[in-house]
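J.: Could you have a look at this structure, given as C-alpha cells, before my questions?
The values are calculated or read from the model by the stated rules, or taken from the named source; none is laboratory data. On a predicted model such as this, the values are computed, not experimentally measured, just so you know. No Cβ is skipped: glycine too gets one built from the backbone with ideal geometry, and neighbour counts run over all protein chains shown. When the accessible area is computed, the model is the full protein with side chains, heavy atoms only, and any ligands, DNA or RNA have been set aside. Shrake-Rupley method; radii C 1.70, N 1.55, O 1.52, S 1.80 Å.
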Amino acid sequence: MTAADGTAVILVIAVTIYACTGLADYGAGLWDLLAGGRARGSRPRALIDTALTPIWEANHVWLVFLLVTCWTGFGLAFGSLMSTLFIPLSLAALGIVLRGANFALRKDAARAGARHLSGWLFGIGSLLTPFCLGAALGGVMTARVPSEGVGDQLTSWLNPTSIAVGLLALAMGAFLSASYLVLEAHRRDLVALRHYFRVRAGAAGAAGLVLGVAALVALRADEREMFDRVMDRSWPLVVVGVFGLAATFLLAGRGAARGTRITAAAGVAALVWTWGVAQYPYLLPFQLTIEDGAGAEVTQRWLLAWFVVALLVIGPALLLLYALDQRGALGEDDG
Amino acid sequence: MGDLIWAAEPAQLLPARSQMAFTLMFHIILVPMGVALPAIMLIANYKGLRHGDSVALTLARRWSHAAGLTFAVGAVSGTVLSFEMGLLWPGLTRKYGDVFGLPFAIEGVAFFLEAILVAVYIYGWQRLRGWTHFWLGVPIPFVALVGAFSIISANAWMNTPEGFTVDSNGQLVDIDPIDAIFNKALPLEMAHFVLAAYMAAGFTVASIYVVGWLRGRRDRYHRLGILIPFTVAAIATPAQFAVGDSIARWLANNQPTKFAAMEVVTESGPDQPEILFGRYDEQTNTVSGGIRIPGLNSILTGGSRDTNVTGLDTVAPQDRPSNVDIVHWCFDIMVGIASLLVLLVAWFAIAYWRRRDVPRSKLFLWTASAAGALTYVAIEAGWIVTEVGRQPWIVYEVERTSDAVTQADGVWVSFTVVLVLYAVLAAGTVAVLRAMSRRWRRQDVADAAVPYGPRPAAPEPAEPGPR
C-alpha cells in the first residue's frame with residue numbers, strides 16, 4: 001500500500017465519520033422541518049435543539065477536513081470534481097450556510113416570527129446539502145467526472161443514479177437522527193416523543209431501503225461496470241450495512257444507547273465502504289487512479305502523520321466534551 | 001503571446017474574483033472575534049475570579065456568548081471558503097494542492113479543537129467550578145493562534161511561494177510542504193494579522209460600552225467593559241505600527257511591484273515622493289492629483305532621500321496589479337486609520353496614567369466609539385492591499401489568477417446568490433447580537449443567574465429579572 005492509498009483511506013474514513021455524525025444532523029433538520037405548527041412541533045423541536053446544540057460545529061468540521069485533505073492529497077481530482085460538479089457543490093455550500101447560520105441565530109432570535117423563519121431556512125438547508133452531496137457522489141460513481149476539462153454540468157448530477165443516491169443520503173440521515181432522538185427521548189423519560197421518533201425512524205428506514213434498491217437499479221442501467229464491481233466485491237458490505245441499520249432500529253427502540261451507536265456506525269460505515277471498495281483503485285472512475293492522481297509523496301506522508309496527530313488531539317478533546325456533558329457539567333447558559 | 005492571453009481574459013475571472021473577495025471580506029470580520037475575543041474574555045474571567053468581581057464575571061460571560069455566536073457564523077463562512085478554493089480556483093488546487101494544502105489540514109484540526117473548547121466554555125458557566133472552568137478556557141486563544149497561523153501561512157505562500165521547483169517541462173519537482181509552510185512572508189504577515197485581530201476585537205468590544213457610556217450609563221459594568229478590551233487594543237496598536245512599517249519595507253525588497261502599487265511609484269529611482277491618494281493612469285503610467293510630500297517615500301523605505309525605489313515602469317503593463325488605484329487608496333486608508341488609532345491610544349495612556357479612569361473628553365469618547373469600525377475598515381483595506389496588490393498573480397510570479405479560475409458556467413449566479421445570502425446572514429447576526437445586548441440590559445446585574453452557582457432546581461424562565 002502506498003502513501004497515496006493511505007490518504008485515500010483517510011478520505012473514506014472522513015466520509016464515514018461525516019456520514020455517521022453530520023448526516024444525522026441534517027436528518028434532525030428534516031424532522032425539525034416536518035414537526036408541524038408552532039404549538040404541535042414545539043416538543044420534538046426542543047428535543048432536537050438540545051441534542052444538536054453542543055455538537056453540531058464539531059461534526060461539521062469533518063467536511064472541511066475532507067475537502068482540504070482531498071485538495072492537498074489529490075489536487076488534480078479535486079479540481080476536476082469542483083469544476084464539473086460546480087452546481088451541486090455550490091448548492092451544498094449554500095445549504096451549509098442556511099442551516100448553520102440559522103441554527104446558530106434562531107436560539108437567540110428575539111421575535112417568534114424571526115425564529116420561525118430561521119427554523120424554516122434551517123430545515124431547507126438540511127435538505128439541500130445532503131441531497132446535493134449525495135448527487136455529486138452519484139456523479140463520481142457513474143464516471144461522469146472527466147479528469148481533464150469540464151464534464152456536463154447538469155447531467156453529471158441530474159441523472160437517475162445521482163438522484164437516487166442523493167435521496168438515499170437524505171433518508172439515511174433521517175433514519176440515523178430519528179434513531180438517536182429515540183435514545184435522547186428515552187434518556188429523558190419522554191415516552192410520547194420516544195414513540196414519535198420511533199415511528200419516524202421506521203418510516204425513514206423503509207424509505208432508505210427502497211431508495212437503496214432504486215440506486216442499485218439506476219446504477220446498473222447507468223454505469224454497468226461500477227454496478228458489477230459493487231456486486232462482485234462489496235456485496236458483503238451491503239449486507240452488513242442493511243443488517244447494521246436494522247439492528248440500530250431494534251436497539252434504539254429498547255433504549256440501548258451504546259449498542260445503537262455501535263450498530264449505526266457499523267451500518268453506515270459498511271455502506272460508505274461499499275462505494276470505496278467498489279471504486280478502488282480509481283479516484284475518478286474509470287479515468288484517474290489513486291496512483292496517477294496523487295500529489296507529491298512527501299505531502300502524502302505528512303498528511304498521514306498529521307492525521308495521527310489529529311486523532312491524538314481531537315480524541316481526548318471529544319472525550320472531555322462528552323464526559324462533561326454526560327456528567328451534567330454542561331448546560332444552557334442564560335447569562 | 002502574453003498580451004494575447006491577457007486580452008482574452010476568461011469570462012469567469014471577474015465574478016470568481018468578486019465572489020472570493022466578498023466571501024473573504026465577510027469572513028475576515030468574524031475572524032478577530034474567534035482569534036482575540038476569547039483572550040479578552042479570559043482576562044475578564046481571571047479578574048473576576050481573582051478579586052471576586054461579579055461585574056467582570058458578567059462581562060466575561062456575555063463576551064463568551066457573543067464569541068460563541070460569531071464563532072458559529074464564522075464556522076459556516078469558513079466552510080464556504082474551503083469549497084470556493086476548488087469551486088472557483090481549480091487550477092490552483094490542481095497544480096499546487098500538494099505544495100500549500102497542508103496548512104489547511106492543520107487549520108481544520110485547530111478549528112475542531114477550538115469548537116469543542118468553546119462549547120465546553122460556554123456551556124460550562126453554570127455548573128463547573130470557577131477555576132476549572134477558567135483553565136478549560138485558557139487553551140482557546142492558543143488554539144486560535146494555530147488556526148490563524150495556518151491560514152496566514154497559506155496566504156503568505158501565495159506571496160512568496162517556496163517549497164517546489166519548476167522543471168524545464170513546467171512540472172513541479174522537489175516539493176517540500178514544510179518549506180512552503182515556513183515561507184519568507186510568514187513571520188511578518190502573521191504578526192501583522194494577529195495584532196490586527198487583537199486591535200479589532202479590543203476596539204470593537206470597547207466601542208460598544210463607550211456608546212453606552214456616552215448615553216450616560218457610567219457604571220462599573222461599562223467602565224470595565226471599556227477598560228479591559230481597550231487596554232488590550234492599546235497594547236497591540238503601537239506594536240502594530242512598528243510591524244506595519246517593517247512589512248512595507250520588506251515588501252519594497254521582496255514584492256517590489258506590490259510596493260510600487262501601494263505607494264504609486266511610477267518611475268524607478270531615488271528621491272521618491274510620498275503621494276497621498278491621487279489617481280493613477282495606467283495608459284501613461286503617471287499619477288494626477290493627490291498630496292505629494294517630496295522625498296518622504298525614499299526616506300521611509302531606506303532612511304534617506306537617495307534610496308532607490310522600484311517603480312511600476314519595471315514591469316510590463318500586463319504584469320502590473322489590475323487596479324493600482326484600489327491598492328494605493330486602501331494602503332493610504334489603512335495607514336491613515338492606524339495613525340489615528342496611535343494618537344487615540346496615546347491619549348488613553350496619558351489619561352489613564354493620570355486619573356486611572358476612562359478619559360472624560362467627549363472628543364476621545366466619540367473617536368473611541370468609532371475605533372472598532374475604523375479598525376475593521378483598516379483590516380479590509382489591508383486585505384485588499386495584499387490580495388489585489390499581488391495580481392495578476394494568484395501565486396506570485398508563478399501562476400496567473402486567470403489560469404487558475406474555473407471553466408464552469410454559473411459563477412455570476414453563484415456570486416449573486418452569495419451576495420444576497422450573506423446580506424441576510426449579516427443582518428441576522430447583527431439583529432441577534434443586538435437582541436442579546438437588549439436582553440442583558442434588561443437584566444439587572446444582581447438578578448442575573450450567578451455563575452458557578454448550584455444547578456437550578458427547576459428550569460429558569462427565559463428572561464429572569466425585571467423588565
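J.: Considering only residues that are facing another protein chain (nearest Cβ under 7 Å) and within 26 Å of residue A:90 (Cα to Cα), which ones fall in the stretch B:107-138?
T.: B:108, B:109, B:111, B:112, B:115 - these are the residues of the stretch B:107-138 that are facing another protein chain (nearest Cβ under 7 Å) and within 26 Å of residue A:90 (Cα to Cα).
J.: Let me ask you something else. Could you give every pair whose Cβ atoms fall below 7 Å, whose first residue belongs to the stretch A:262-277 and is modelled with pLDDT of 90 or more, and whose second residue is among the small types (Gly, Ala, Ser) and not in a helix (DSSP H, G or I), counting only separations of at least 6 or pairs across chains?
T.: Close Cβ pairs (under 7 Å, with a partner that is among the small types (Gly, Ala, Ser) and not in a helix (DSSP H, G or I)) amount to A:274/A:234; A:277/A:234.
J.: Something else about it: Which condition number in (1) over 20 Å from the mean Cα position of the chain (by Cα); (2) more than 7 Å from every other protein chain (Cβ to nearest Cβ) is the one that residue B:67 fails?
T.: Looking at each condition in turn, residue B:67 falls short on (1).
J.: Going residue by residue through the stretch A:267-274, is there one that turns out to be in contact with a Ser or Thr (Cβ under 6 Å, 6 or more places away or on another chain) and open to solvent by 20 Å² or more (accessible area, probe 1.4 Å)?
T.: yes
J.: Any residue in the stretch B:31-56 that is closer than 21 Å to residue B:144 by Cβ sitting within a Cβ distance under 6 Å of a residue that is among the hydroxyl-bearing types (Ser, Thr, Tyr) and modelled with pLDDT of 95 or more? List the pairs, counting only those 6 or more apart or interchain.
T.: As it stands, the answer is B:36/B:198, since those pairs meet every condition given.
J.: Every residue in the stretch A:196-210 that is farther than 16 Å from residue A:255 by Cα and open to solvent by 40 Å² or more (accessible area, probe 1.4 Å), please. Before the answer, list the steps.
T.: Here is the first cut: in the stretch A:196-210, the ones farther than 16 Å from residue A:255 by Cα are A:203-210.
Hits for the stretch A:196-210 are A:203, A:206, A:207, A:209, A:210.
J.: Still on this structure, please answer the following. Can you report the number of residues in the stretch B:73-105 which are aliphatic (A, V, I, L, M) and more than 7 Å from chain A (Cβ to nearest Cβ)? Show your work before the answer.
T.: Here is the first cut: in the stretch B:73-105, the residues aliphatic (A, V, I, L, M) are B:73, B:75-76, B:80-81, B:85, B:87-88, B:92, B:99, B:102, B:105.
This time we only want the ones that are more than 7 Å from chain A (Cβ to nearest Cβ), so: B:81, B:88, B:92, B:99.
Total satisfying the criteria: 4.
J.: Right, another one. Testing residue A:94 on (1) more than 7 Å from every other protein chain (Cβ to nearest Cβ); (2) over 24 Å from residue A:16 (Cβ atoms), one condition comes back false. Which one is that?
T.: Against the list (1) more than 7 Å from every other protein chain (Cβ to nearest Cβ); (2) over 24 Å from residue A:16 (Cβ atoms), residue A:94 comes up short only on (1).
J.: Would you point out the residue of the stretch A:282-309, among those that are open to solvent by less than 50 Å² (accessible area, probe 1.4 Å) and free of Cβ contacts under 8 Å to residues at least 60 places away in the same chain, that is farthest from the other protein chains (Cβ to nearest Cβ)?
T.: Filtering the stretch A:282-309 for residues that are open to solvent by less than 50 Å² (accessible area, probe 1.4 Å) and free of Cβ contacts under 8 Å to residues at least 60 places away in the same chain, the one farthest from the other protein chains (Cβ to nearest Cβ) comes out as A:289.
J.: Okay, moving on. Among the candidates A:66, A:76, which residue alone is within 7 Å of chain B (Cβ to nearest Cβ), modelled with pLDDT of 80 or more, assigned to a helix (DSSP H, G or I) and open to solvent by 10 Å² or more (accessible area, probe 1.4 Å)?
T.: Details: A:66 fails: within 7 Å of chain B (Cβ to nearest Cβ).
Going through A:66, A:76 in turn, the sole match is A:76.
J.: Give the residues of the stretch A:1-41 that are farther than 24 Å from residue A:181 by Cα, surrounded by fewer than 18 Cβ atoms within 10 Å (Cβ to Cβ) and not β-branched (Val, Ile, Thr), sorted by residue number.
T.: Matches in the stretch A:1-41: A:1, A:5, A:6.
J.: Does any residue of the stretch A:36-43 turn out to be under 20 Å from residue B:16 (Cβ atoms) and at pLDDT below 90? Reasoning before the result, please.
T.: Applying the first criterion (under 20 Å from residue B:16 (Cβ atoms)) to the stretch A:36-43 yields none.
No, because not a single residue in the stretch A:36-43 is under 20 Å from residue B:16 (Cβ atoms) and at pLDDT below 90.
J.: From the list B:17, B:50, pick out the single residue that is touching a Ser or Thr at 6+ places or on another chain (Cβ under 9 Å), more than 23 Å from residue A:66 (Cβ to Cβ), open to solvent by 10 Å² or more (accessible area, probe 1.4 Å) and more than 10 Å from chain A (Cβ to nearest Cβ).
T.: Working: B:50 fails: touching a Ser or Thr at 6+ places or on another chain (Cβ under 9 Å).
From the options B:17, B:50, the qualifying one is B:17.
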